[in-house]
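*Asks:* I am attaching a structure below and will ask some questions about it afterwards.
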Amino acid sequence: MRDYNFSAGPAVLPLPVLERAQAEMLCLPGAGASVLEISHRGKPFMAILESAKQNLKELLGIPDGYQTLFLQGGSRLQFSMVPMNLLRGQTGPADYLLTGAWGKAAYAEAVKEGEVRVPWDGKQFSYDRTPADSDYSIGSDSAYVYFTSNETIEGVQFHEEPAAGGAPLICDASSDFLHRPLDISRYGMIYACAQKNAGPAGVTIVIIRDDLVERGAKSLPGYLNYKNHVDGDSMYNTPPTFAIYLVDLIAQWLLKDIGGLDAMYKTNQEKAKMLYDVIDGSNGFYQGHAQRECRSVMNVTFRLPNEELEKKFNAEASQQRLTSLKGHRSVGGFRASIYNAMPREGVVALRDFMQDFAKQNQA
Ligand SMILES: *Cc1c(COP(=O)(O)O)cnc(C)c1O
């Protein structure tokens, strides 16, 4: 029996996707072998890659003039590839908006490459919020403006793109990619490792505008230059074929079963509201980490009055097969990751449990 798995990542995948992968595991239709066993240059896999690109294009309305890449090295490698390609050789510095742990980690890599400014840092607020556009300004010399759309650890999310002056906007969307429709034309580049909201570990999706592809210096190591991946159509080296196959199945699931990203977003907002309503209505028994306007639709972070109660909460939740709820060690408490693939019933079960637990343990 499957738990309701609230893991932050690798995370829950849609059951119909797992079932289809299982059914096709031994023999991919038309391929005569498993997807795990075929050449990335043969027709069956080329069709999968094309399908994944097309389905992402359709889901997000990716305009012409952008390239979709499937890379390895996780989002961590993007922390380095972004400044290597987009900052090196530029006259002005890069601007990093810091709203949590992942943004800080990206910043730590960028400063190795060149000059970086921090127009806004949420540190004084314990990273419980995102800035308003009026809270910072971007110099006209900015090489790019970088932000993390959803800080997975703190549960803090931008619900709209931040202002970037005229500079290209670069986004780490690792934990909320495909959770709502986006206007991709507002971005210079957006990327996401798949294992939170878009697939399994092993592949990172990069959507990058053509002019930025050209910024990478020829002296960069081959794998680290976006241009090589664009020229090689994500086959500069052997791509993570099985992970790309699963990303394609998830894109198909979003298009056909869910009905697109508008419908997905509506469901995601409803799921998040169920949990935040319990937190808000608990007379302070549950304390959310993030400020209301900035709280995440994907990662709901909260604490209980003391650690004893938190231990009890965790033990009783596990008994009810509500698992992987523990918060990141840096924030403590709990984090319910309710990505696209978390079924509504899972959130209902957690909501009911939280309500009962508060009733029984509130002083
Ligand atoms: C998980 C995560 C990362 C790190 O991803 P890896 O694939 O482990 O490198 C980066 N940014 C955000 C927002 C994340 O949630």
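*Asks:* Can you compute the FRET efficiency between Glu214 and Gln54 using 1/(1 + (r/R0)^6), with r the Cβ-Cβ distance and R0 = 22 Å? Round to the nearest 0.05. Walk me through the numbers before you get to the answer.
*Replies:* Details: r = 24 Å, r/R0 = 1.10.
Approximately 0.35, to the nearest 0.05.
*Asks:* Quick check: from the Cα gyration tensor, does region 13-92 come out rounded (a/c under 1.5), prolate or oblate?
*Replies:* Details: a/c = 2.30, a/b = 2.11, b/c = 1.09.
Note, shape of region 13-92 comes out prolate.
*Asks:* Rounded if a/c is under 1.5, else prolate if a/b is larger than b/c, else oblate: which is region 253-334, with a ≥ b ≥ c the root eigenvalues of its Cα gyration tensor?
*Replies:* It is prolate, given that a/c is not under 1.5 and a/b is the larger ratio.
*Asks:* If one puts a single equal scatterer on every Cα of region 129-281 and applies the Debye formula without solvent, what log₁₀ I(q)/I(0) results at q = 0.18, 0.21 Å⁻¹?
*Replies:* Relative scattering, expressed as log10 I(q)/I(0), comes to -1.27, -1.48.
*Asks:* Now, a different point. Once R0 is set to 51 Å, what does the formula 1/(1 + (r/R0)^6) return for the Cβ-Cβ distance between Asp233 and Ala132, expressed as a FRET efficiency to the nearest 0.05?
*Replies:* Working from the Cβ atoms, E equals 0.80.
*Asks:* Additional query: Does anything in region 34-60 have its amide N under 16 Å from the 7 Å Cα→Cβ label point of Glu24, and if so which residues?
*Replies:* Zone members listed by number: 34-56.
*Asks:* Assign one of three labels to the chain, namely rounded, prolate or oblate, based on the Cα gyration tensor with a ≥ b ≥ c the square roots of its eigenvalues; rounded applies when a/c is under 1.5, prolate when it is not and a/b is larger than b/c, and oblate otherwise.
*Replies:* oblate
*Asks:* Name the residue from Ala263, Leu249, Gly288 whose Cα lies farthest towards the positive end of the charge dipole of region 247-363, charges +1 on Cβ of Lys and Arg and -1 on Cβ of Asp and Glu.
*Replies:* Comparing the listed Cα positions along the dipole, Gly288 ranks first.
*Asks:* With label points built 7 Å along Cα→Cβ from the Cα atoms of Tyr223 and Asp183, find their separation and express it in nm.
*Replies:* Output for this residue pair reads 3.8 nm.
*Asks:* Dipole magnitude of region 15-258 about its Cα centre, charges +1 at Lys/Arg Cβ and -1 at Asp/Glu Cβ only, in debye to the nearest 20?
*Replies:* Dipole of region 15-258, to the nearest 20 debye: 520 debye.
*Asks:* I need the peptides 237-244, 189-196 ranked by packing, meaning the mean over residues of other C-beta atoms within 10 angstrom, with the highest value on top. Each step should come with its number before you reach the end.
*Replies:* Values: 237-244: 18.8, 189-196: 25.8.
Most protected by this proxy first, the peptides run 189-196, 237-244.
*Asks:* Can you check what the Kirkwood hydrodynamic radius comes to for region 25-162, Cα pairs only, in Å to one decimal?
*Replies:* Values: mean 1/r = 0.0562 Å⁻¹.
Across region 25-162, the inverse of the average 1/r is 17.8 Å.
*Asks:* Here's something else I'd like to know. Could you tell me which residue out of Met81, Pro239, Ala21 lies farthest along the dipole of the chain toward its positive end? Charges go on the beta carbon: Lys and Arg +1, Asp and Glu -1, centred on the Cα centre.
*Replies:* Ala21
*Asks:* Under the 0.36 nm per residue contour assumption, what length would be gained going from the current alpha-carbon distance of Glu345 and Asp280 to full extension?
*Replies:* 21.3 nm
*Asks:* What length, rounded to one decimal in nm, is gained on full extension from Ala363 through to Val111, with 0.36 nm per residue of separation minus their alpha-carbon distance?
*Replies:* On the way: separation 252, 0.36 × 252 = 90.72 nm, distance 4.88 nm.
Length difference between fully extended and current span is 85.8 nm.
*Asks:* Could I ask something else about it? On average over all directions, what projected area in square nanometres does region 83-144 have, based on the convex hull of its Cα atoms?
*Replies:* On the way: hull surface 16.7 nm².
Answer in nm², one decimal: 4.2.
*Asks:* Further question: Kindly state, to the nearest 0.05, the FRET efficiency for Asp356 paired with Gln287, given R0 = 22 Å and r defined as their beta-carbon distance. Can you show the working numbers first?
*Replies:* Numbers: r = 18 Å, r/R0 = 0.83.
Taking R0 as 22 Å, the efficiency between Asp356 and Gln287 is 0.75.
*Asks:* In the neighborhood of Leu261, defined by Cβ-to-Cβ distances under 14 Å, what is the net charge if each Lys or Arg adds +1 and each Asp or Glu adds -1?
*Replies:* Charge balance near Leu261 sits at -1.
Coordinate-derived values only; no laboratory data. Model, not experiment: these values are computed from the prediction. For neighbour counting, all protein chains shown are included, and Cβ atoms are generated from backbone atoms with ideal geometry for every residue, glycine included.
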